[in-house]
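K.L.:
I am attaching a structure below and will ask some questions about it afterwards.
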Amino acid sequence: MMSSNVRMGMLACVMAMVLLGGCQAERNLDLVREVGNREYQLGEYDKALANYQEYVTRKPDGVDVRYSLAETYLKLNKPQEAREQFYQCLAVHPDNQAYAQGLAEALYACNEREELITFLTREARERGRPGDYERLGHYQLLLGNVDEAKLALITAAKLDGGKSIKPQMELANLYRSLGDKQSELKRLRMALYIEPKNPEIQKRIRELGEIPGPSFVLQPD
C-alpha cells in the first residue's frame, strides 16, 4: 500500500505541473508579441511563428500581430498561409497599403496570376492612390504585361504629382527592361528633380553616360 507521504509527494508534483502549465498558457499577450518580434528580428522565424500563432489564437482581433504572422509565413515560404492572413487583415482595414502589398506578394508567390491582377486592378480603380497604381504596374511588369504596366505606372506618376521618386523609378526600371535608354533617362531626370542628392539616381544617370548636375534635372510632367 502507498504511504501517505508518497501520496502527498505525488500530489505535490502533479499540482506543480498543473500550475506550471497554467502559467505557460497564460503568458501576458504583450510578452508573447514582444518575444515574437524579437525572434523575427533575429531571423528565428519558426520560433516567431509559434508566438504569433498563440497571440492571434487568444486575440483574433489583434490585426497588427496577424500581419506579423502573415509576414512570417512569407519568410518561411508558406505563401498560402500568408495569403489567408493578409485577407483577414484587409477585411478589417481594407485601405491599408502594407496589407495590400503583403497580399500581392503572397498571391505572386502562390502563382495566382489572375487573382493577383484582379485584386490589384480593383484596388487601383476603387482607391485611386499612386501606390495602388505603382503596385499594379510593378506586378504587371513582373508578369510580362508590359503595356499594362506602363499604363499603370504613368497613371501613378500623374496622380503622385511629382511628390515622390517611386513611380519615376518604376518607370525607369520598365524602360531599362525594354532597352529604351532615352525614356529611362527621362524618368531618372524627373526623379533627380524630386531628390537631387539621391546617390542611386545619380549612379543610374552616370551609367547612361550623363552627368547628374543641377541643370540636368527635369520637372515631372
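The values are calculated or read from the model by the stated rules, or taken from the named source; none is laboratory data. This is a predicted model, so every value here is computed, not measured. Heads up, the Cβs are rebuilt from the backbone with ideal geometry, glycines too, and the neighbour counts pull from every protein chain shown. For accessibility, only protein heavy atoms count, side chains too; no ligands or nucleic acids. Shrake-Rupley method; radii C 1.70, N 1.55, O 1.52, S 1.80 Å.
K.L.:
With the requirement that a residue be open to solvent by 60 Å² or more (accessible area, probe 1.4 Å) and among the β-branched types (Val, Ile, Thr), what does the range 49-65 give you?
P.N.:
If the condition is that a residue be open to solvent by 60 Å² or more (accessible area, probe 1.4 Å) and among the β-branched types (Val, Ile, Thr), then THR57 is the only one that fits.
Listed here are the residues, each with its yes/no results for (1) part of a loop (DSSP other than H, G, I, E, B); (2) among the acidic types (Asp, Glu).
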residue: ARG27; (1), (2): yes, no
residue: LEU49; (1), (2): no, no
residue: ARG66; (1), (2): no, no
residue: GLU71; (1), (2): no, yes
residue: LEU74; (1), (2): no, no
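K.L.:
Additional query: Take the residues in the range 66-101 that are surrounded by 21 or more Cβ atoms within 10 Å (Cβ to Cβ) and hydrophobic (A, V, I, L, M, F, W, C), then tell me which one is nearest to GLY36 (Cα to Cα).
P.N.:
LEU69
K.L.:
Additional query: Among (1) over 29 Å from GLN80 (Cα atoms); (2) assigned to a helix (DSSP H, G or I), there is one condition GLY131 misses while meeting the rest; what is its number?
P.N.:
Every listed condition holds for GLY131 apart from (1).
K.L.:
Considering only residues that are open to solvent by 30 Å² or more (accessible area, probe 1.4 Å) and either in contact with a strand residue (DSSP E or B) (Cβ under 6 Å, 6 or more places away or on another chain) or small (Gly, Ala, Ser) (or both), which ones fall in the range 148-182?
P.N.:
GLY161, SER164, SER177, GLY179
K.L.:
When you check LEU120 against the structure, is it crowded, with 17+ Cβ neighbours inside 10 Å and at pLDDT 95 or above, yes or no?
P.N.:
For LEU120, the condition - crowded, with 17+ Cβ neighbours inside 10 Å and at pLDDT 95 or above - is met.
K.L.:
Now for a different question. Output the qualifying pairs, or none if there are none: Cβ atoms under 6 angstrom, residues six or more apart or on different chains, first residue in the range 99-117 and over 13 Å from ARG135 (Cα atoms) and of a type in the set (Asp, Glu), second residue open to solvent by less than 20 Å² (accessible area, probe 1.4 Å) and modelled with pLDDT of 95 or more.
P.N.:
GLU115/LEU107
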